[in-house]
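Have a look at the structure below before the remarks.
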């Protein structure tokens, strides 16, 4: 094909190179999306041939890092799916409030917009002071952006709308300071967030949590890897802990189904009922 | 499980709903293909759309779910705010990456991945719309041996999208809305 110069077989060669040389394992990602992104980068960076693309990845660790960061999806927004955040407010926060200390893991957080959204929920429920949110991602540069808590001002109108639809009653702009085309979120929101690299494919559990949020990450994995990661989440949750997924993701037909019970609304939130 | 041997992908934007409502009742129950519909819209209308199309069709209509195998005789709707891709094992994948042509779902994304997965067993039909989404996808469909069809711009509410495609992509056939069901039945081995 004229625009898709790299075949699925060639893409798997590249993914094997990246695994062997650099330890990043994309071999169990769902192929269609990763093929598209590998091809896109090939075109954007104007390689004359597959051989040169491959050579650059093998021989240049800095470029390999770019490859890793570009083929993973980092698109996110604040209060995405407002009804999901509404459900967190009504069904999850009151339970979290009963704990003396709240541990939350936000896995695959990208640039952190949804992490700040949840920090705002905790703040409004007066729980942020006794909470800590571990926000992790495979991609170190997006974590750096999250740590800064600076997002585009042009997005704030949409985010403010999402916030209000999620049941927010404050003035959304009180959570950030506008400066030229950027919005910097308040320091007290970021204080309880620990941004740290974690690779869901290769890294294990690092704590026990009462809530794990992982939205629109599993869709990029094949079934086998989805199962592995869901078991990792299950092992990292306390009894009666919550697992929250993206709006098109499900625990049905996975190996952890019987350990969880979905909340009685249409949102993608499950509770661990069996150890 | 045996997945659908043929695939028909229909893409539409502004004015794209009307021809879909026209063609659905004419689809044969014995269709040997799966059908995917990618329609640009506001995310709020999500569930309404599946219900609306379901009412017009004797074939089952459902929102595409990730990892779902494509079955013959089933009509899949690309969910709002996700790109819909087709794997080479004929299962579906969702993707929440950047918008393409200001659109998510993007018609180009689905057409191109369907071209890779289904090759000459694919038919792509592009309908009314106000942007350029779909044209690149049609080029890819043609290159992998698939069949490309476009709604006659004269019958389109908004003729920019079909006109653009006819100008820039190799289009095998130009169709009136009332011819589309028969065409799809023929392409899907009925």
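Worth a mention:
- Among the criteria (1) at pLDDT 95 or above; (2) farther than 14 Å from residue B:185 by Cα, the one residue B:23 does not fulfil is (2).
- On the stretch given as segment B:28-45, residues that are within 14 Å of another protein chain (Cβ to nearest Cβ) and either touching a residue at least 60 places away in the same chain (Cβ under 8 Å) or more than 16 Å from residue B:96 (Cα to Cα) (or both) total 2.
- Residue B:66 vs. criteria over 24 Å from residue B:148 (Cα atoms), within 10 Å of chain A (Cβ to nearest Cβ) and touching a helix residue (DSSP H, G or I) at 6+ places or on another chain (Cβ under 7 Å): yes
- Checking residue A:245 against (1) within 14 Å of another protein chain (Cβ to nearest Cβ); (2) out of contact with any strand residue (DSSP E or B) (no Cβ under 8 Å at 6 or more places or on another chain), the condition it does not meet: (2)
- Residue A:6 satisfies every condition listed in (1) crowded, with 18+ Cβ neighbours inside 10 Å; (2) under 25 Å from the mean Cα position of the chain (by Cα); (3) within 13 Å of another protein chain (Cβ to nearest Cβ) except (2).
- Strands (runs of 3 or more DSSP E) completely within segment B:41-110 that count 2 or more residues being closer than 22 Å to residue B:138 by Cα, in contact with a strand residue (DSSP E or B) (Cβ under 9 Å, 6 or more places away or on another chain) and at pLDDT 95 or above: B:75-77, B:83-86, B:92-95
- Of all the criteria given as (1) exposed (fewer than 15 other Cβ atoms within 10 Å of the Cβ); (2) at positive phi; (3) in contact (Cβ under 8 Å) with a residue 12 or more places away in the chain, the one not satisfied by residue A:253 is (3).
- Among the residues of segment A:202-221, those that are assigned to a loop (DSSP other than H, G, I, E, B) and either within 14 Å of chain B (Cβ to nearest Cβ) or touching a residue at least 60 places away in the same chain (Cβ under 8 Å) (or both) comprise A:202, A:206, A:207, A:208, A:215, A:216, A:217.
- Residue A:62 being closer than 24 Å to residue B:141 by Cβ and free of Cβ contacts under 8 Å to residues at least 24 places away in the same chain: no
- Of everything listed in (1) closer than 29 Å to residue A:64 by Cα; (2) surrounded by fewer than 19 Cβ atoms within 10 Å (Cβ to Cβ), the single unmet condition for residue A:100 is (1).
The values are calculated or read from the model by the stated rules, or taken from the named source; none is laboratory data. As the structure is a prediction and not an experimental result, all values here were calculated from the model. Here Cβ is always computed from backbone atoms with ideal geometry, including for glycine, and neighbour counts include all displayed protein chains.
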